[in-house]
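One structure is given below, encoded as structure tokens.
Just so you know, all these numbers are worked out from the coordinates, no wet-lab data involved. Bear in mind that the values here come from a model prediction, so they are computed numbers and not experimental data. We place every Cβ from the backbone using ideal geometry, glycine too, and count neighbours over all the protein chains shown.
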Amino acid sequence: MESWKGFLRSGLQLRATDSNASHNRIFRIPVFAKLNQITELQGDELCDAWLQCIFCHYRLWKKGVRHRDVSCGNLMYYRCSNQVKSVLNDFDLASMDGVESRGHQRTGTPPFMATDLLINSQTKHLYRHDLESFIWVWVWLTLQFKDGELRSGQRPLDAWAQCSARQCAAEKKLFLSMVETYADDQINEEHWKLVMELCCKLESPLNNIAGLRKQLHLARQYHKQDEKKIKGQLAEAEDDGNFFRWFLEVLRFSDQPQFTPPSL
């Protein structure tokens, strides 16, 4: 019976006398523990897994790892001693802080992308954009899934996956402005409560940042003396730690499971 090495040489049309045939070739196949999508989880386990991914992501961000593609499909989990352990998966679009990424294409999955990035693909990708993506993931999990399965029939947010980037941004802004109207009799009440807390309070920092950007543009054109001050205010508003603190405050207010958060 032909050995596997002989089989490979035959397929590559190599003879035993070829100079290249004398080199050893080692083929490796990485094997990982099976991971499942967190969409399969329900109740407190789902919230637990989602929060674990957020805290893992923040630790990585502070170490200079920029994931940049937070979505339902990239949040995974496995069980260890019957406890859910979540995994932030798929770093294909990730970059390192201080290393210039190639190209300036929009990165992410539209239904979960921050509205700023959907509107302008040249926007610098900040921590707050990925945190906003995690919020959209929670909205999606709450309204599109029920008891660990995708809801049947027409779902509230189906349009987000079927429209252009700018249309998706408009849909999300509409959602934030009238989030209370999206509830139906199939949602988990505790999950919906967190959606309401997050979305009602997300508008304020986003509107503040949008207002500061307009002021900065105006200052650059007509009020140079105010430019430095407004730049400082904008930097503070978009600060990684400030946005993470904002998120933790929302969690505390909504009585979500308590975790030891990463250091700021």
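Data overview
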read-out: The stretch 102-251 - charge dipole about Cα centre, Lys and Arg +1 at Cβ, Asp and Glu -1, debye rounded to 20; value: 980
read-out: Where GluC sites (Glu not before Pro) fall in DSSP loop in the stretch 38-136, at most 11 other Cβ within 10 Å; value: Glu100
read-out: Charge dipole of the stretch 82-237 about the Cα centre (unit charges at C-beta), most positive-ward option of Leu202, His191, Asn120; value: Asn120
read-out: Sorted by Cβ neighbour density within 10 Å, fewest at the top, the residues Arg28, Arg151, Arg59; value: Arg28, Arg59, Arg151
